[in-house]
Amino acid sequence: MARHEQSREDLIRDARALVERVELTVPDSLCTDLVVVGRRASGDLSLYFGEDPVFHFNATGQLRRAYVAGRLLKAEATKLVAMDRRRIEGEVQLHSRTLTAAESQTLTSDLTHKIDELARAINSGTATITRTVGEATTIDNVVAWLVPLQSKPIEIAPRPNVG
C-alpha cells in the first residue's frame, strides 16, 4: 500500500480492466464530481461517484468491494469487512472489522438510493455522457447495466474477487 495517498487516475483513460466505461456528469444532488460506470469483460460492474464512494459488483450484481468515506470494504462470506488504514511509525497498517447487520443495511440502502438517483438522472436526460470507451458503450447500455441492481435488494458477495 502506498505511504502517500494521491488522487485516483483518469478512469476513462487508465481503467483498462473496465473494457466498457462511461463518464457522466450528473446533478449536484448525486455527486459533485463525474460518475464513471464501467464493466469488465466478465460482466463485473463498477460505479465511481467521483473518488468516493466507489462500488464494485460481481457479474451477478452482488457487492464485492467498496470504498466509502475513506474506508475500504470487502465482501467476505456474504458480510462486509471494513479495512481501516492506520499510520503507525512510518507505515500504514490495515485493521479489519466485520460490519454489523445494521451498518451493512445502511450502506446497501444508501447505495440503492444512489443507483436509483443515477438511473433517474440518466432516464430524465439530466445526466450526460462526457467520454466513453468501448464500441458498444451507450447510455442505453448504462441503463441496462443498472437495471439488475435496481430490481432487488443489494446482496453481499461471498468473496471480494472478480469472476
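Taking label points 7 Å from Cα along the Cα-to-Cβ direction, D116 and R131 give a separation of 3.2 nm.
Measure nothing but the geometry: give the 0 to 90° angle between the long axis through the Cα atoms of 101-124 and the longest principal axis through the Cα atoms of the chain, rounded to 10°. On a 0 to 90 degree scale, this one is about 20. Normalised by the number of residues in segment 34-111, the average gap of Cα pairs under 8 Å and 6 or more apart makes the relative contact order 15 percent. Mean residue ellipticity, 222 nm, helices only, the chain: the sum of -39500 (n - 2.57) across DSSP H runs of n ≥ 4, divided by residue count and rounded to 500, is -8000 deg cm²/dmol.
Between helix 139-150 and the chain, what is the angle of the helix's C-alpha long axis to the longest principal axis, kept within 0 to 90° and rounded to the nearest 10? Approximately 50 degrees, to the nearest 10. By the rule of a C-alpha distance below 20 Å, with chain neighbours fewer than 8 residues away ignored, the aspartates and glutamates paired with K79 are D44, E103, D110, E155. Per residue, how much accessible area does the chain have with a 1.4 Å probe, in Å²? For the chain, the per-residue accessible area is 54 Å². Using bins of 5 Å that start at zero, the share of Cα-Cα pairs per bin across segment 106-163 amounts to 4, 15, 22, 22, 19, 14, 4, 0, in whole %. Taking trypsin sites (Lys or Arg not before Pro) in DSSP loop states with no more than 11 other Cβ atoms inside 10 Å as exposed sites, the chain has its longest site-free stretch at 17-163. Below 14 angstrom from the Cβ of V147, what's the summed charge of the other residues (Lys, Arg +1; Asp, Glu -1)? Charge balance near V147 sits at +1. Element breakdown for the chain at a 1.4 angstrom probe: carbon and sulfur atoms account for 49% of the accessible area.
Within the shell of other residues whose beta carbon sits under 11 angstrom from the beta carbon of E23, the net charge comes to +1, with Lys and Arg scored +1 and Asp and Glu -1.
The values are calculated or read from the model by the stated rules, or taken from the named source; none is laboratory data. These numbers were taken from a predicted model, which means no experiment stands behind them. As a convention, Cβ positions derive from the backbone with ideal geometry for all residues, glycine included, and neighbour counts pool all protein chains shown. When the accessible area is computed, the model is the full protein with side chains, heavy atoms only, and any ligands, DNA or RNA have been set aside. Shrake-Rupley method; radii C 1.70, N 1.55, O 1.52, S 1.80 Å.
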